[in-house]
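Asks: Mind looking over this structure? Questions follow.
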Amino acid sequence: MSAMSPSEKNEPKSSPYRVILHGRLSDPTQKIRECSAILDHWDVFTENREDRILDEHLSTAMIGSAYTQSSPPLTVRQLFGLWRNGHGIHTRFYDETGEPVPGPLYMVGMGGSVLSGAFVFWGVVPSQELIVVSNISPEPGRCKVPSNSILYAKAAKGE
């Protein structure tokens, strides 16, 4: 096995799905890997609700902040439950050029600073087999890290 060049170490692992990355982001490889797995198993959301993948935790299915406690990571079942109840689904996202595109975008997780308002979120657009990792809010207004963190924490507790 040959050593990787510095530029290869900083590039995210490839995905069979199109990936949109916005902003200066820390290594998105795990986010892309887990979002790819969600798209790989989208039929579990729409049809087969008894697959074993539903009980797997997704390390990136969480809301975190530098100033507040992060939510626990969700299982695929908990994340799908949020979406089935209409939570974490945005009506738009931004393409590679920054132009708004009608959604729906299913949010997997987000992180941010409640003080500065800086944030990043990640999710999937199943209709386009697309993964989005972005620092551009999919909804007008500022990112709501605290309220989403509470929502994810309640989902993890089964509430």
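Asks: Looking at the range 88-98, which of its residues are in a strand (DSSP E or B) and open to solvent by 50 Å² or more (accessible area, probe 1.4 Å)?
Replies: Of everything in the range 88-98, those that are in a strand (DSSP E or B) and open to solvent by 50 Å² or more (accessible area, probe 1.4 Å) turn out to be ILE89, THR91, ARG92.
Asks: Restricting the search to the range 32-55, which residues are open to solvent by less than 60 Å² (accessible area, probe 1.4 Å), of a type in the set (Asp, Glu) and closer than 22 Å to VAL133 by Cβ?
Replies: GLU34, the sole residue that qualifies.
Asks: Identify the residue in the range 56-72 that is within 19 Å of TYR106 (Cα to Cα) and free of Cβ contacts under 8 Å to residues at least 60 places away in the same chain and, among all such residues, is surrounded by the most Cβ atoms within 10 Å (Cβ to Cβ).
Replies: LEU58
Asks: Restricting to strands (runs of 3 or more DSSP E) lying wholly in the range 99-159: which have 1 or more residues that are open to solvent by 30 Å² or more (accessible area, probe 1.4 Å)?
Replies: So the answer is 100-112, 119-125.
Asks: Can you confirm whether the range 18-29 contains a residue that is open to solvent by 20 Å² or more (accessible area, probe 1.4 Å), outside any loop (DSSP other than H, G, I, E, B) and at pLDDT below 90?
Replies: The answer is no, given that none of the residues of the range 18-29 is open to solvent by 20 Å² or more (accessible area, probe 1.4 Å), outside any loop (DSSP other than H, G, I, E, B) and at pLDDT below 90.
The values are calculated or read from the model by the stated rules, or taken from the named source; none is laboratory data. These numbers come from a predicted model, not from an experiment. As a convention, Cβ positions derive from the backbone with ideal geometry for all residues, glycine included, and neighbour counts pool all protein chains shown. For accessibility, only protein heavy atoms count, side chains too; no ligands or nucleic acids. Shrake-Rupley method; radii C 1.70, N 1.55, O 1.52, S 1.80 Å.
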